[in-house]
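One structure is given here, and the rest of the page talks about it.
FYI, it's all coordinate maths here, none of it is from the lab. For clarity, every value in this text was computed on a predicted model and none was experimentally measured. No Cβ is skipped: glycine too gets one built from the backbone with ideal geometry, and neighbour counts run over all protein chains shown.
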Amino acid sequence: MAHNETGRDPTPGMRFSPVLMARLEALAAFTEVEGQLTRRYLSPAHVAAVGQVEAWMAEAGMSVHTDPLVSAFGRYEGRTPGAPAIMLGSHIDTIVDAGRYDGNLGVLAAIAVVAELSARGERLEHAIEVAAFGEEEGSRFPAHILTSSALIGAAGPALLDIRDADGITVREALTRAGGNPDAYGDCARRKGEIAAYLELHIEQGPILDTQGLALGAVTAINGSVRTMVSVAGFAGHAGTVPMGQRRDALAAASEMILCVERIGASEAHLVATVGRITALPGAQNVIPGRVAFTIDMRGPSDPVRDHAHAALVTALKEIARRRRVEVTIDAYQRNAATALHPLVIDVVAEAITACGQQPLRLPSGAGHDAGIMAGHCPSGMIFLRCKAGISHNPAESITMEDADLGVRVLLEAARRLDRRLG
Ligand code: HGY
Ligand code: MN
Ligand code: MN
């Protein structure tokens, strides 16, 4: 893209997205399940995708390395080798039966930005690093935004003992995937190595699409608390135990789940979701004795969210008492609501304007690696419109035109950040 002092793009046209969209399709083939995109952290599909992303990084002129937790990094030096980097990143792990763009778009668009700089022989003051994080979703291990947390030094040895649904530990999975579990501490970057972090990501909500806008400057990321609830009743014969004598764990959990929905709807901007449930022994003719389900509660205000979560815990315990079942409630991961950096937000808004679009400033209901990086360096996000806000669904979609705009704005923002960070 030709670049002039006004920062306005004199050559509108889809310069980047034909390759970008083709690569997003190609990357979607790295899946655990034929016919859908499921690429959980450290699966063979994820490890193969890391290899493909690193090949594209190298092709774009970057030096490449894989860290001990199997995140991929590409580095494009600035005018002075070894200079602090502007990191452009996102994640390449996915949920089960995912769309193509959640996470993957940000990583491949960042590679397109470096390819453009490289093709033009353009060097910035700062290096550019591209990060392809893993286990952002937490769809394999109950520990989301895991590898970006390790990058900022927030991971401890306990992470290696976390188990997936099959009982495999992070340590075992890393060893199988060619990672280096005992060197997880080496993932941590020193303060100052990364001057800023910027992530292009689909909005995963309907605001941009509803307002007919392509891009947004993200102001904050909602905080979340992830909880595992276990209900213990008493298994029995479905045909013989009178209804009044049952301690039915699934019926109790069902009443609890409706309570999650009621309390989630009790505050503006608060949301609460039960995404997964297991009922054992799971036979048609047995009264369920044990049930486990997840709760994902989020909101822009930590105090409001925590107050709602406390009310929910009280309500679940009351339901358990009344139904004579045992309940254990493990709030295993909390992430604070995070404001993104004012300078980065402004630069993103300016870059959107420079690319001929109206910048909307908006918060993110979804969690992102940027929420972790914000604790380490000035961080921000560019949201790209996705059709009807659909995400965490294979129907997730973006247009070729918007994808091209996304790369151009990411490139423009990187150039502007380079000048503004000093
Ligand atoms: O769950 C989230 O908000 C993100 O998609 N990991
Ligand atoms: Mn996601
Ligand atoms: Mn994501």
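Taking DSSP loops as anything outside H, G, I, E and B, show the longest stretch in the chain free of GluC sites (Glu not before Pro) there with at most 10 other beta carbons within 10 Å. Between the exposed loop sites, the longest stretch runs 35-422. Using the alpha-carbon centroid of each, what span in Å lies between segment 356-371 and segment 393-422? About 12 Å separates the Cα centre of segment 356-371 from the one of segment 393-422. For segment 114-125, 3J(HN,Hα) computed residue by residue from phi via the Karplus equation (6.51, -1.76, 1.60; θ = phi - 60°) reads 5, 4, 5, 4, 5, 5, 8, x, 8, 10, 9, 4 Hz, glycine and proline entered as x.
The mean sequence separation of alpha-carbon pairs under 8 Å and at least six residues apart, normalised by the residue count of segment 137-294, gives a relative contact order of 18 percent. Pair-distance distribution of the chain: all C-alpha pairs, bin width 20 Å, starting at 0; shares per bin in whole percent are 26, 54, 18, 2, 0. Each residue, Thr328 and Met243, gets one label point 7 Å from its Cα in the Cβ direction; the gap between the two is 3.2 nm. Between 0 and 90 degrees, the angle of helix 44-59 with respect to the longest Cα principal axis of the chain falls at about 10 degrees. For the chain, a Gaussian network of Cα nodes joined below 10 Å ranks Tyr332, Tyr101, Tyr184 by mean-square fluctuation, and the top entry is Tyr332. In this rough spin-label picture, where each label sits 7 Å from Cα along the Cβ direction, the Lys387-Gln211 distance is 2.3 nm. Based on DSSP H segments of at least four residues, each scored -39500 (n - 2.57), the chain has a per-residue ellipticity at 222 nm of -10000 deg cm²/dmol.
Give me the distance between the Cα centres of segment 139-167 and segment 220-247, rounded to whole Å. Using only Cα atoms to place each centre, the spacing works out to 27 Å. Modelled spin labels at Glu267 and Thr169, positioned 7 Å past Cα toward Cβ, are 3.7 nm from each other.
Structure remark: mean-square fluctuation, Gaussian network model of the chain, C-alpha springs under 10 Å; the largest value among Ile168, Ile295, Ile382 belongs to Ile168.
Loop-located trypsin sites (Lys or Arg not before Pro) across segment 180-266 with a Cβ neighbour count of 16 or fewer within 10 Å are Arg190, Lys191, with loop assigned by DSSP.
Under the criterion of Cα pairs below 8 Å and six or more residues apart, the relative contact order for the chain equals 22 percent.
Once the chain from His307 to Ala22 is taken as fully extended at 0.36 nm per residue, the excess over their C-alpha distance is 98.0 nm.
Between amide H atoms placed 1.01 Å from N, distances below 5 Å from Ser379 occur with Tyr197, His341, all of them 5 or more places distant or on a separate chain.
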